[in-house]
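One structure is given below, encoded as structure tokens.
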Amino acid sequence: MSLDDVFDRYQELQCYVGWTEADAERTRSVGGRLEPHFPALIDDFYQEIQQHPNASKAITGGEAQIERLKGSLRAWVRELFSGQYDKEYVARRWRAGYRHVEIGLDQVYTNVALSRLRTGLVRALQENWQGDKHELWETVRSLNKLLDLDLGIIQEAYHAEYSARQQRIERLATLGQVAGAFAHEIRNPLNVVKTSVYFLCHAKNATPEKTNEHLTRIERQVALADGVVTTLSNFARMPVPNLRPFSAAECVQRSLETCPQNPQVELVVNCPATVPPALGDVDQLQIVLSNLIRNAQDAMPEGGRLTITASPAGDRVEIAVTDTGVGIPRENLNRILEPLFSTKARGLGLGLAIVRSILDKNNASLHITSEPGLGSTFTVSLPCAID
């Protein structure tokens, strides 16, 4: 979040609480009156923190750090009554909130500490007020608005840093999962290559047939390892789609041509010419359908029926891939699109994650229905091409 964004946010919050120039003038006018009370309020602020272990554990530098923090708080409170609430003011507030996150101070203690400081400032203002009571309440109201705005910006800083930390944690966790899955998938073909190379290097009087067998094994396993790398690369670097009208029937046919057919699986295709053109990147959507077709065939190891249909649905075109296979357990339905989740003995578990990534980029969606033991239907919904 840039400082320009933070200031825009602050101005939005000012409008929300009804902050005016009159509020700024009121808070500025009482700063000199309240400044003699700042030292006592600040001492009370840190004395109370030290009474609560969960709050004081963020202070690791002893009395020297507390004295530095008191100086920072004194400047912070003095600036509160400056009357100048510009971009630099907001940036300093934001950095103060960000610093609280860095030292590990829980946000709840920032909130209640500011509440305690607010109580002290209002009490001091009331005890030393001379003049119209109505103006006193207006000044208190202005001070409360200002403190609420400060608290809002501090909370924004907490949220921004928390979100950034969570993203870093999730990226590291995903990296660990990917590394583990990749290592598992790549190690198997490497072990086969290793044993074949050992044979070729040490076998005495190996026949040409045996040599050719091991060379073929090496070639096949290298291709398998290359496929794992390609899958991972495709997932990480899916290009921006080239959206254009295309025929659902032609896309289905091209996808079928890339998928070896299981002779035990009956294929039924129902993609009439009356289906309107869809809008999307036909090359990327071919990857989607190829994945769904392969998964459907894998779900029917003993054979069955694979049905592919295309039909209009309002301003959308739907392509459904239905199998009569093993089905998907209910507890897995919400997880099968997650990266690295797989119910198969082999594979990185990126196929359906790639499907979801492609569909998101093509303004499309996927709906899944399944009954264990009866089969599954994966329905791709695409926007119609607009003439």
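Would you mind stating whether Val178 is part of a helix (DSSP H, G or I) and at pLDDT 75 or above?
Values: part of a helix (DSSP H, G or I): yes; at pLDDT 75 or above: no.
Here the answer is no, as Val178 does not meet what is asked.
How many of the residues making up segment 21-44 are within 18 Å of Lys87 (Cα to Cα) and loosely packed, with under 12 Cβ neighbours inside 10 Å?
1
If I go through segment 241-273 residue by residue, how many of them are crowded, with 16+ Cβ neighbours inside 10 Å, more than 14 Å from Pro383 (Cα to Cα) and hydroxyl-bearing (Ser, Thr, Tyr)?
Residues that pass the stated criteria total 1.
Every residue in segment 62-85 that is over 36 Å from the mean Cα position of the chain (by Cα) and part of a loop (DSSP other than H, G, I, E, B), please.
Phe81, Ser82, Gly83, Gln84
Quick check on Glu63: is it without any contact (Cβ under 8 Å) to a residue 40 or more places away in the chain and either in the same structural domain as Gly120 (by TED's automatic domain parsing) or farther than 24 Å from Asp5 by Cα (or both)? Explain how you work it out, then say what you get.
Numbers: without any contact (Cβ under 8 Å) to a residue 40 or more places away in the chain: yes; either in the same structural domain as Gly120 (by TED's automatic domain parsing) or farther than 24 Å from Asp5 by Cα (or both): yes.
It is true that Glu63 is without any contact (Cβ under 8 Å) to a residue 40 or more places away in the chain and either in the same structural domain as Gly120 (by TED's automatic domain parsing) or farther than 24 Å from Asp5 by Cα (or both).
Name the residue that is nearest to the chain's Cα centre (by Cα), counting only residues in segment 274-284 that are over 10 Å from Ala248 (Cα atoms), surrounded by 18 or more Cβ atoms within 10 Å (Cβ to Cβ) and at pLDDT below 90. Spell out how you get there, then give the answer.
Going through segment 274-284, the residues over 10 Å from Ala248 (Cα atoms) turn out to be 274, 280-281, 283-284.
From the residues that got through so far, the ones that are surrounded by 18 or more Cβ atoms within 10 Å (Cβ to Cβ) too are 280-281, 284.
So of that shortlist, the ones also at pLDDT below 90 come out as 281, 284.
Details: Asp281: 25, Gln284: 23 Å.
Here the residue is Gln284.
How many residues does segment 119-138 hold that are within 20 Å of Glu25 (Cβ to Cβ) and part of a helix (DSSP H, G or I)? Steps first, please.
Taking segment 119-138 and keeping what is within 20 Å of Glu25 (Cβ to Cβ), we get 121-122, 124-126, 128-138.
Now restrict to residues that are part of a helix (DSSP H, G or I): 121-122, 124-126, 133-138.
Adding up the residues that qualify gives 11.
Pairs, please: C-beta under 9 Å, at least 6 apart or cross-chain, first residue farther than 16 Å from Ser376 by Cβ and of a type in the set (S, T, N, Q) and in segment 297-318, second at pLDDT below 95 and in a helix (DSSP H, G or I)?
Note: pairs meeting the criteria are Ser311/Ala248.
Before we move on, is His214 at pLDDT 85 or above, out of contact with any helix residue (DSSP H, G or I) (no Cβ under 9 Å at 6 or more places or on another chain) and of a type outside the set (D, E, K, R)?
no
Name the strands (runs of 3 or more DSSP E) wholly inside segment 288-387 in which the number of residues that are polar (S, T, N, Q), in the same structural domain as Pro277 (by TED's automatic domain parsing) and modelled with pLDDT under 90 is 2 or more. Walk me through it before giving the result.
Numbers: elements: 304-313, 316-323, 365-371, 375-383.
Qualifying strands (runs of 3 or more DSSP E): 365-371.
Go through the residues of segment 52-70 one by one and say whether even a single one is out of contact with any Lys or Arg (no Cβ under 6 Å at 6 or more places or on another chain) and closer than 17 Å to Leu34 by Cα. I'd like the intermediate steps shown before the answer.
As a first pass, look at segment 52-70 and keep what is out of contact with any Lys or Arg (no Cβ under 6 Å at 6 or more places or on another chain): 52-70.
Next, from what is left, pick out any that are closer than 17 Å to Leu34 by Cα: 70.
Yes - at least one qualifying residue is present in segment 52-70.
Looking for whichever is at pLDDT below 85 and not in a helix (DSSP H, G or I) here; the options are Ala96, Ala58. Which one fits? First the steps, then the outcome.
Working: Ala96 fails: not in a helix (DSSP H, G or I).
Result of the check over Ala96, Ala58: Ala58.
Quick one: would you say Leu34 is touching a residue at least 12 places away in the same chain (Cβ under 8 Å), part of a helix (DSSP H, G or I), in the same structural domain as Trp129 (by TED's automatic domain parsing) and closer than 23 Å to Arg95 by Cα? Don't jump to the end; show me each part of the working.
Numbers: touching a residue at least 12 places away in the same chain (Cβ under 8 Å): yes; part of a helix (DSSP H, G or I): yes; in the same structural domain as Trp129 (by TED's automatic domain parsing): yes; closer than 23 Å to Arg95 by Cα: no.
Here the answer is no, as Leu34 does not meet what is asked.
In segment 71-82, is there at least one residue being β-branched (Val, Ile, Thr), crowded, with 18+ Cβ neighbours inside 10 Å and over 25 Å from His159 (Cα atoms)? Break it down stepwise before answering.
Restricting attention to segment 71-82, the residues satisfying the condition of being β-branched (Val, Ile, Thr) are 77.
Add one more test, that the residue is crowded, with 18+ Cβ neighbours inside 10 Å, and what stays is 77.
After this cut, where a residue has to be over 25 Å from His159 (Cα atoms) as well, the list is none.
Taking every residue of segment 71-82 in turn, none turns out to be β-branched (Val, Ile, Thr), crowded, with 18+ Cβ neighbours inside 10 Å and over 25 Å from His159 (Cα atoms).
Go through segment 6-31 and give me each residue that's more than 42 Å from the chain's Cα centre (by Cα) and either assigned to a helix (DSSP H, G or I) or closer than 20 Å to Ile153 by Cβ (or both). Walk me through it before giving the result.
Residues of segment 6-31 more than 42 Å from the chain's Cα centre (by Cα): 22, 25-26, 28-31.
Hits for segment 6-31 are Ala22, Glu25, Arg26, Arg28, Ser29, Gly31.
Could you list, in sequence order, the residues of segment 66-113 that are in contact with an Asp or Glu (Cβ under 8 Å, 6 or more places away or on another chain), free of Cβ contacts under 8 Å to residues at least 40 places away in the same chain and among the basic types (Lys, Arg)?
Across segment 66-113, the qualifying residues are Lys70, Arg92.
The values are calculated or read from the model by the stated rules, or taken from the named source; none is laboratory data. Treat the numbers as computed from the prediction; the structure is a model and nothing was measured. Don't worry about glycine lacking a Cβ; one is built from the backbone with ideal geometry, like all the others, and counts go over all protein chains shown.
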